[in-house]
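Enquirer: Structure in structure tokens, see below.
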Ligand SMILES: [Cu+2]
């Protein structure tokens with residue numbers, strides 16, 4: 001599982017934008033957003049860099065966390 005810190009994610013709209021971005025890379029991905037800790041967990045078979053990049057392209061800088 002990929003876990004990302006996304007500092008600028010602050011509301012449900014952000015969460016929705018990020019989920020949509022991830023699913024544009026992998027429609028079967030499972031995306032779990034925790035607004036309290038500004039983290040996103042992604043279960044995906046897709047390349048991790050592709051996931052980080054597409055979230056960044058959607059306007060959210062992010063950093064991979066050790067799981
Ligand atoms: Cu927001």
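Enquirer: Can you give the helix-only mean residue ellipticity at 222 nm for the chain, where every DSSP H stretch with n ≥ 4 adds -39500 (n - 2.57) and the sum goes over all residues, rounded to the nearest 500 deg cm²/dmol?
Expert: -11000 deg cm²/dmol
Enquirer: Determine the shape class of the chain: with a ≥ b ≥ c the square roots of the Cα gyration tensor eigenvalues, call it rounded for a/c under 1.5, and otherwise prolate if a/b is greater than b/c, oblate otherwise.
Expert: Here the chain falls in the rounded category.
Taken together, the values in this text are just the output of simple stated rules run on the coordinates, not laboratory data. Every value quoted in this text rests on a predicted model; they were computed, and no experiment measured them.
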